[in-house]
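Inspection log for the structure reproduced underneath, given as structure tokens.
The values are calculated or read from the model by the stated rules, or taken from the named source; none is laboratory data. What you see is a predicted model; the values in this text were computed from it and never measured. Here the Cβ positions follow ideal geometry from the backbone for every residue, glycine too, while neighbour counts run over all protein chains shown. In case anyone asks, the SASA skips ligands and DNA or RNA and just uses the protein heavy atoms, side chains included. Shrake-Rupley method; radii C 1.70, N 1.55, O 1.52, S 1.80 Å.
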Amino acid sequence: MFSASDWVLEAQTVHLWWISLDVTDENLQTFISLLSESEKIKADRFKFPQHQRRYQAVHGILRIILGRYLNIDPVQLNFTQSDRGKPYLTEDCNPLNLQFNLSHSENMAILGINRDRPIGVDLEKIRPMETAEQLAKRFFCASEYDLLTQAIPEERDKLFFQLWTAKEAYLKATGEGISGGLNQVEIVLNPLRFINFPDWYLQSFEFNPDDDDNYWAAITVEGKGENIEVKCFSYF
């Protein structure tokens, strides 16, 4: 259960939602009923039923959560997008100027929300990556590639996803996406931060919803870290 204060978003605060997409058929029908016609059409285009189901669930839950912050019926929310596809709430239904970003992997999703500042999130299920070094050599900066190749094998996959999600989160925040160039975003550890974008806050998370699944997530928001507080919530 959530208290009324959980839905109050202060200007210097980021709310990060962990969302399970393993939903019952009954709940799924509720989520589908909230979707716009364009969202329903997009869902119908998925080739595999599990992908369609996840899309319907996560976008229905997105509407529910944003509607609670704004005190608006989820059906009444309207979305637009940038030239490169980053989604936004339209001004007519967004008096708080909420900014959000969504990412999902397998049966989990994350949703980052704040006010006024560009925000980006990325989520990846941790899995064996036989091509980690090749991908890092192609898409990472030289210093990041060195970090990965020097890591012990047991930690290499986690490190790969920690770096990858941080880069993706930044490129999603700016709206550039992968086309913006993963190797244009340089990251260092201890403490984790962007080398070339010092005015962006970055935080990284490992999440273990059960014994079998581990995820790595990153959240970035414009603004220096000492002014930003991240609060985590679960929608399961």
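Structure notes:
- Whenever a residue of region 43-57 is on the phi < 0 side of the Ramachandran plot, its partners that are in a helix (DSSP H, G or I) and among the aromatic types (Phe, Trp, Tyr), lying with C-beta atoms within less than 8 angstrom and at least six residues away or across chains, give the pairs ALA43/TYR55; PHE46/TYR55; GLN56/PHE31; ALA57/PHE31.
- When region 69-99 is filtered for residues that are under 14 Å from LEU111 (Cα atoms) and either open to solvent by 60 Å² or more (accessible area, probe 1.4 Å) or of a type in the set (D, E, K, R) (or both), the ones remaining, listed by number, are LYS86, TYR88.
- Candidates are the residues of region 2-42 that are of a type in the set (Gly, Ala, Ser) and touching a residue at least 60 places away in the same chain (Cβ under 8 Å); the one that is farthest from LEU202 (Cα to Cα) is SER20.
- All conditions in (1) acidic (Asp, Glu); (2) open to solvent by 40 Å² or more (accessible area, probe 1.4 Å); (3) touching a residue at least 24 places away in the same chain (Cβ under 8 Å) hold for GLU168, with the sole exception of (2).
- For region 192-230, residues that are in a strand (DSSP E or B), open to solvent by 30 Å² or more (accessible area, probe 1.4 Å) and farther than 22 Å from THR174 by Cα total 2.
- Residue check for TYR201: of a type in the set (Ser, Thr, Tyr), touching a Gly at 6+ places or on another chain (Cβ under 8 Å) and more than 24 Å from ILE61 (Cα to Cα): yes
- So ASN94, is it over 16 Å from the mean Cα position of the chain (by Cα), of a type in the set (S, T, N, Q) and farther than 24 Å from THR220 by Cβ: no
- Filtered residues of region 146-188 (kept if under 15 Å from the mean Cα position of the chain (by Cα), in a helix (DSSP H, G or I), at negative phi and at pLDDT below 90): ILE178
- Summed over region 11-55, residues that are touching a strand residue (DSSP E or B) at 6+ places or on another chain (Cβ under 8 Å) and of a type outside the set (Ser, Thr, Tyr) total 10.
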